[in-house]
Amino acid sequence: MTNRNVEQALRTALEHAAPNDVESVLLRCDDRKGNVIPMTNQNPEKKNRKPMRLAALAAAACLVLAIGGGSVYYNQSQTAASVVSLDVNPSIELVLNSRERVLRATALNEDAAAVLDGMDLKGSTLDVAVNALMGSLLKNGYVDELANSILITVEDDNATRAAQLESQLTKTVNAVMTSSSINGAILSQVVNQNQDLQAKADEYGISLGKAQLIQQLVDQNPTLTFESLAGRTVNDLNLLLSSQATTLSTVSSTGRASDGGYIGTEVAKNAALAHAGLTADQVTVSKVDFDVEDGRMVYEVEFWANNVEYEYDVDATTGEIVKNHTETYTAAAGQNGSID
């Protein structure tokens, strides 16, 4: 019997004996290396016939894998092709092979460790892994109607495959959120390896994808800093994007970030007016936007009354006045004076 005949016979036997999940088994082979199973041969003539037959079948299967190209299949199964990350505040990284099987799932911060607790995603398909992660994010309260944003990032040298994964993941995540009655806001992007950004990501316990998103926000708004944004949730970053009308060419966006966890623009505006001793009919409001001050989310409120411009930072959670400044403009062209 030729090697091809042996391989075909074993394949047929295995297909009838168990589900066809060879790749998942191969991905777990490394976890079994070095295990020693003690065996006592009490009655080799009777009791050990079935184990020995199974052992012989396993040995034959290994031989077929080596002779029939199985070793190539194994190597392909173990080779990383893509890196996918999901960021909410938990940052989770999945390393995939070319067949979209999970080689490794890594928690990049403490929140992510809680999400991954008890999960063994190695060998699972990407769809199964993402559904499991989304279920845990929902269960642990990291995603809900008050914080509905998630960032999906794909890193892959194959641009076509990267784009397909980005689209596939967006649909999967959106479907899970919709089934949980949440109007999701999804940011997605494809990234390339960047050593400087990776160093920042490692420093702050976030993914390369979140680091890139933050860097782009900082580049577009110099008043922001990487340090002040690193600890903010993706929902906060999404609110900043929306509030400041910032458009990032490399980031796709669906849905609208929820601001339900904050006091709202009207409450923030009224807090600033009260502090200034003015009423709404006495001023012209020019801006009420989200911003970050000393690492916390604030509403930046600006309005005019007579020749005075008022600028306030109002804590988005408590309504506390974080900072305020006024500037008076005189009638003389180009002359002004400040009033603190």
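The values are calculated or read from the model by the stated rules, or taken from the named source; none is laboratory data. The shown structure was predicted, so the numbers you read here are calculated from the model rather than taken from an experiment. Glycine also receives a Cβ, built like all others from the backbone with ideal geometry; neighbour counts cover every protein chain displayed. We work out accessible area using only protein heavy atoms, side chains counted, and drop any ligands, DNA or RNA first. Shrake-Rupley method; radii C 1.70, N 1.55, O 1.52, S 1.80 Å.
For this structure, a couple of remarks:
- In region 141-157, residue most open to solvent (accessible area, probe 1.4 Å) [restricted to those that are among the hydrophobic types (A, V, I, L, M, F, W, C) and not in a strand (DSSP E or B)]: Leu146
- Against the list (1) open to solvent by less than 30 Å² (accessible area, probe 1.4 Å); (2) over 26 Å from Ala185 (Cβ atoms); (3) not charged (D, E, K, R), the condition Gly277 fails is (1).
- Residue match in region 170-182 (condition: more than 19 Å from Asn89 (Cα to Cα), in contact with a strand residue (DSSP E or B) (Cβ under 9 Å, 6 or more places away or on another chain) and open to solvent by 40 Å² or more (accessible area, probe 1.4 Å)): no
- The residues in region 232-255 that are within 18 Å of Val143 (Cβ to Cβ), open to solvent by 20 Å² or more (accessible area, probe 1.4 Å) and within 16 Å of the chain's Cα centre (by Cα) can be counted, and the count is 4.
- Total residues in region 206-236, condition polar (S, T, N, Q) and touching a residue at least 40 places away in the same chain (Cβ under 8 Å): 6
- All of (1) within 17 Å of Gly319 (Cβ to Cβ); (2) polar (S, T, N, Q); (3) open to solvent by less than 30 Å² (accessible area, probe 1.4 Å) hold for Asn270 with one exception: (3).
- Residue check, Leu138 open to solvent by 10 Å² or more (accessible area, probe 1.4 Å) and touching a residue at least 24 places away in the same chain (Cβ under 8 Å): yes
- Where a residue in region 97-119 is over 20 Å from Leu138 (Cβ atoms) and open to solvent by 40 Å² or more (accessible area, probe 1.4 Å) and its partner, wherever it lies, is of a type in the set (Gly, Ala, Ser) and assigned to a loop (DSSP other than H, G, I, E, B), with Cβ under 6 Å and at least six apart: Ser98/Ala81
- Pairs meeting the criteria (first residue in region 261-285 and under 23 Å from Thr233 (Cβ atoms), second residue part of a loop (DSSP other than H, G, I, E, B) and open to solvent by 60 Å² or more (accessible area, probe 1.4 Å), beta carbons under 6 Å, at least 6 apart or on different chains) are Gly261/Leu146.
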